Amino acid sequence: MSGSTARGTGTDDVVVDLTDLHKSFGSNEVLRGIDLRVRRGEVVCIIGPSGSGKSTLLRCVNLLEVPSSGTVVVDGAEITDPDCEIDDARRTMGMVFQQFNLFTNLDVLGNLTIAPRRVLGRSRAEAETTARANLARVGLSEKEHAFPAQLSGGQQQRVAIARALTMEPTVMLFDEPTSALDPELVGDVLDVMRSLAEEGMTMLVVTHEIQFAREVADRVLFIDGGVIVEQGTPEKVIGAPEQERTRNFLARVLHPGQKTA
Amino acid sequence: MALTRRQRARLGRGVQYAIAVAVVLLVALTADWATIGRAFFDLEVAASQFPGVIVIALRNTIVFTALGFVVALALGLVLALMRLSSVRIYRLVAGAYVEFFRGLPALLIVIAIGFGVPLAFGTILDRTVAITLALGIVGSAYIAETVRAGIQSVPRGQVEAARSLGMSPLRTMVFIVIPQAFRIVLPPLTNELILLTKDSSLAFLLGTTLEQQELAQFGRSALNQFRSLTPILVVGLCYLIITIPLSYLARRLERKYGSAGMPKGAEV
């Protein structure tokens, strides 16, 4: 598939295609050969202990981390190809970060319009129309002139999701989107993500929200030690895990404070 | 000692006041006020300084400083980006530049530019150009470090968010990083502008016609002319007319681009 730049021509409509992905930081090998195909409209949740490489995996998909080896093909374009226009490729992927990363120098509308205007060359009016539609989608229309510092964590994260949506991405990448939130604010963000999934958005979600994964995911990946230990439907991976490591992890996450066997 | 905490505080403050009053009295009683008055406050001499001190000297100081600062800012920004570059040679060149020019007295740089450049290139360097260049070089070495620190203080997540939206490194720098860094570097930049205002007095080293005198030199020539220290007082006040509003403006801007990350007039 190397060198292919045509969009949407992949076999059986695979949107994200990772082949034998490795990533090392110095002598620390974080990813040890990951193969993953995400179909259009599929919601894949990635769970695993901290330090297992799941965030690194997600960041390799849009090349925020450059893989040490292996290929990443997104929507038919091999973005690990050195000749790939990475800025163009990234437009097709929306990314939501654990720390929201809203631009602190811009208000909400500014956050949502800067990329459409400066990258896609949209007019201000056009960009603001799209921005308002996406703000409504996350239920924050009344906050368009607020600055990030004036919003709660949950509101910031919903704005961040709206910001990613303004670029009309083919796939959304969520990197622990609720991990930095107060517990009572998690629900609103998960609701937005749930409705995105229902609209058929292709989603790759690194999360600690096992319940969310169980309800929303088409497929759950359990990653540990830089490899996919187990994958399958939520019923299988969360409901009846085959691997010892998966069982131990789920026991720790679902029943914190209890001793694991 | 059976003093309460409040009594001790009061006693401490009393001692401090007493020392302050003693020092003031000592100075006031030992100084020759009649001579000071004659030397510094000769109204006739003061009046004779006008309008020249304003229309020539103050104006030239502002022009030299403003031009020098513009050059320093542009050069400093480029140097800061070079120091942060992934290209090793850029980092080395910018690092050497900063270490070299930051370590030299401004006086040497003014002389080197004013006399060295015409010698080296066989050209005549306009005095305004020479002082602008010299001040620009002096200022840029400091500004480069200030701006570099400001850019580095912008959280990495801001850059990642911009890049993940498909913004190029340049757009990310221009629309996201620099506006945020600007807020952080505003106070040290004001400091640099005030320092340059004073360094512009080094223009006297390049020789001069009356029309080209800035404040310090204007004061010095008046000093010789009148045998009075009053011109020093007049030009001193003129410096403060520049620098105090600058400090005030900086505080205003700082408040406007508030610490909470809410620039009120932010234009996108």
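Only one entry of B:Ala34, B:Ala57 meets the criterion of being touching a residue at least 24 places away in the same chain (Cβ under 8 Å) and in a helix (DSSP H, G or I), and that entry is B:Ala57.
Quick check on the stretch A:222-235. Is at least one of its residues without any contact (Cβ under 8 Å) to a residue 24 or more places away in the chain, closer than 24 Å to A:Arg32 by Cα and outside any strand (DSSP E or B)? Looking through the stretch A:222-235, at least one residue is without any contact (Cβ under 8 Å) to a residue 24 or more places away in the chain, closer than 24 Å to A:Arg32 by Cα and outside any strand (DSSP E or B). Of all residues in the stretch B:24-73, those satisfying the criterion of being hydroxyl-bearing (Ser, Thr, Tyr) and open to solvent by less than 90 Å² (accessible area, probe 1.4 Å) are B:Thr35, B:Ser48, B:Thr61, B:Thr65.
When the stretch B:86-98 is filtered for residues that are without any contact (Cβ under 8 Å) to a residue 12 or more places away in the chain and either under 26 Å from B:Val63 (Cβ atoms) or surrounded by fewer than 12 Cβ atoms within 10 Å (Cβ to Cβ) (or both), the ones remaining, listed by number, are B:Ser86, B:Val87, B:Arg88, B:Ile89, B:Ala96. Number of residues in the stretch A:98-111 that are surrounded by 23 or more Cβ atoms within 10 Å (Cβ to Cβ), out of contact with any Phe, Trp or Tyr (no Cβ under 9 Å at 6 or more places or on another chain) and facing chain B (nearest Cβ under 7 Å) equals 1.
I'd like to verify a number: residues in the stretch B:1-60 that are among the charged types (D, E, K, R) and more than 30 Å from B:Ile232 (Cβ to Cβ), how many?
Of the residues in the stretch B:1-60, 5 are among the charged types (D, E, K, R) and more than 30 Å from B:Ile232 (Cβ to Cβ).
Examine the stretch B:231-243 for a residue that is in a helix (DSSP H, G or I), modelled with pLDDT of 90 or more and of a type in the set (Phe, Trp, Tyr), and state whether such a residue exists. Yes - at least one qualifying residue is present in the stretch B:231-243. The residue of the stretch A:88-97 that is least open to solvent (accessible area, probe 1.4 Å), among those that are among the charged types (D, E, K, R) and within 30 Å of A:Gly154 (Cβ to Cβ), is A:Arg90.
Name the residue that is nearest to A:Thr207 (Cα to Cα), counting only residues in the stretch A:112-130 that are facing chain B (nearest Cβ under 7 Å) and aliphatic (A, V, I, L, M). So the residue we want is A:Ala115. So is A:Ser4 at pLDDT below 95, crowded, with 22+ Cβ neighbours inside 10 Å and not in a strand (DSSP E or B) or not? No; evaluated as a whole, the condition is false for this residue. Figure legend. Inter-residue proximity from the stretch A:247-260: first residues within 17 Å of A:Phe222 (Cβ to Cβ), second residues at pLDDT below 80, beta-carbon distance below 6 Å, spacing 6+ or different chains. Indicated pairs: A:Asn248/A:Thr260; A:Ala251/A:Thr260; A:Arg252/A:Thr260. Of all residues in the stretch A:135-152, those that are assigned to a helix (DSSP H, G or I) and either open to solvent by less than 10 Å² (accessible area, probe 1.4 Å) or away from chain B (no Cβ under 14 Å) (or both) total 6. Residues in the stretch A:73-93 that are assigned to a strand (DSSP E or B) and more than 8 Å from every other protein chain (Cβ to nearest Cβ): A:Val73, A:Val74, A:Ala77, A:Glu78. Taking each residue of the stretch A:56-72 that is more than 18 Å from A:Asp88 (Cα to Cα) and looking for partners that are among the aliphatic types (A, V, I, L, M) and open to solvent by 10 Å² or more (accessible area, probe 1.4 Å) with beta-carbon atoms closer than 6 Å, six or more apart or interchain, yields A:Thr56/A:Val30. Quick check on the stretch A:153-166. Is at least one of its residues open to solvent by 20 Å² or more (accessible area, probe 1.4 Å) and assigned to a loop (DSSP other than H, G, I, E, B)? Checking the stretch A:153-166: not a single residue is open to solvent by 20 Å² or more (accessible area, probe 1.4 Å) and assigned to a loop (DSSP other than H, G, I, E, B). Taken as a whole, the structure leaves B:Thr4 outside the set of residues that are of a type in the set (S, T, N, Q) and either open to solvent by less than 60 Å² (accessible area, probe 1.4 Å) or in contact with a Leu (Cβ under 8 Å, 6 or more places away or on another chain) (or both).
Per-residue answers, yes or no, for (1) within 14 Å of another protein chain (Cβ to nearest Cβ); (2) assigned to a helix (DSSP H, G or I):
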residue: A:Glu168; (1), (2): yes, no
residue: A:Leu173; (1), (2): yes, no
residue: A:Val186; (1), (2): no, yes
residue: A:Asp191; (1), (2): no, yes
residue: A:Leu196; (1), (2): no, yes
residue: A:Met203; (1), (2): no, no
residue: A:Phe212; (1), (2): no, yes
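Apart from one condition, B:Ala134 fits all of (1) open to solvent by 50 Å² or more (accessible area, probe 1.4 Å); (2) in contact (Cβ under 8 Å) with a residue 60 or more places away in the chain; the exception is (1).
For A:Glu242, the conditions (1) under 17 Å from A:Leu58 (Cβ atoms); (2) open to solvent by 60 Å² or more (accessible area, probe 1.4 Å); (3) acidic (Asp, Glu) are fulfilled apart from (1).
The single residue among B:Leu206, B:Leu210, B:Leu170 that is under 21 Å from the mean Cα position of the chain (by Cα) and not charged (D, E, K, R) turns out to be B:Leu206. Of the residues making up the stretch A:232-240, none is touching a His at 6+ places or on another chain (Cβ under 9 Å) and under 19 Å from A:Glu42 (Cα atoms).
The helices (runs of 4 or more DSSP H) found entirely in the stretch B:149-228 that carry 2 or more residues being more than 14 Å from every other protein chain (Cβ to nearest Cβ) and either open to solvent by 50 Å² or more (accessible area, probe 1.4 Å) or not aliphatic (A, V, I, L, M) (or both) are B:178-199, B:215-226.
The values are calculated or read from the model by the stated rules, or taken from the named source; none is laboratory data. Just so we're clear, the structure is a prediction, and the values are computed from it rather than from any experiment. Backbone-built Cβ (ideal geometry, glycine too); neighbour counts: all protein chains shown. Only protein heavy atoms, including side chains, enter the accessible area calculation; ligands, DNA and RNA are left aside. Shrake-Rupley method; radii C 1.70, N 1.55, O 1.52, S 1.80 Å.
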